[in-house]
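What follows is a short report on a single structure.
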Amino acid sequence: MTEAAEPDEILMSRYARGDAAAFECLYRRHEMRTWRYIVRNVGNRAIADELMQEVWFAVAREAPRYQPAARFTTWLFTIARNRIIDWARTRRPQTSLDSPDCEAQPAVMQLSSDSSLGPLAAAVTSEQASALAQALARLPAEQRDAFLMHIEAGLSVEELAQVAGVSFETAKSRLRYARMKLRDLLQEHA
């Protein structure tokens, strides 16, 4: 079985036994969605890069103690979520997406980047991506977190509950309310 076809949990156990190539495969497989989850929560690329390093250092550090009780992505996004919470507790930046020095703009542009679009379609897509970023910023933290973990990590409601340490029904409600509020906010924009 090639590394690309191996489940994450097997790769993690291989890395715990000293196989650096297994870690590289895990990193390549989950790098972008983990980074997008972080940057969409913190709104700043530099901070997201720093937190991303902390997440993967934690993965490397905890590898010998890793137990595949849940999917690897559930464990990975729990670490990412905890790093975001720690960052928010210590720094609490209050940057508006409308401010001229907002660093979330590159992430908004990444949301809308599709080189196959013409100029008009790209402008509309960029406007939609900006509206989505602003709507996400207006969600309560628990709802935004649930929505982004579901979208970026592909976590199920059960896995969301496990990561957040809440009941299944609470996780389901957070996701439902996030979708409803995003729908309302985006309809306001339209």
Within the range 161-174, which residues are β-branched (Val, Ile, Thr), part of a helix (DSSP H, G or I) and open to solvent by 30 Å² or more (accessible area, probe 1.4 Å)? THR170
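Please specify each residue of the range 31-62 satisfying the condition of being basic (Lys, Arg) and surrounded by 15 or more Cβ atoms within 10 Å (Cβ to Cβ). Before the answer, list the steps.
Step one: of the range 31-62, the residues basic (Lys, Arg) are 33, 36, 40, 45, 61.
Correct list: ARG33, ARG36, ARG40, ARG45.
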Which numbered condition ARG28 fails, given (1) open to solvent by 40 Å² or more (accessible area, probe 1.4 Å); (2) at negative phi; (3) not in a helix (DSSP H, G or I): (3)
In the range 63-89, which residue that is farther than 14 Å from ALA141 by Cα and without any contact (Cβ under 8 Å) to a residue 12 or more places away in the chain is surrounded by the fewest Cβ atoms within 10 Å (Cβ to Cβ)? ARG65
Would you confirm, using the coordinates I've provided, whether ALA133 is over 18 Å from TRP75 (Cβ atoms) and either touching a strand residue (DSSP E or B) at 6+ places or on another chain (Cβ under 9 Å) or surrounded by 19 or more Cβ atoms within 10 Å (Cβ to Cβ) (or both)? yes
Could you list, in sequence order, the residues of the range 6-49 that are more than 20 Å from GLN67 (Cα to Cα) and free of Cβ contacts under 8 Å to residues at least 60 places away in the same chain? ARG28, GLU31, MET32, TRP35, ILE38, VAL42, ALA46, ILE47, ALA48, ASP49
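The values are calculated or read from the model by the stated rules, or taken from the named source; none is laboratory data. Note that this is a predicted model, so its numbers are computed, not measured. All Cβ positions, even for glycine, are placed from backbone atoms using ideal geometry, and neighbour counts span all protein chains on display. Note: accessible area is taken over every heavy atom of the protein model, side chains too, but ligands, DNA and RNA are not part of it. Shrake-Rupley method; radii C 1.70, N 1.55, O 1.52, S 1.80 Å.
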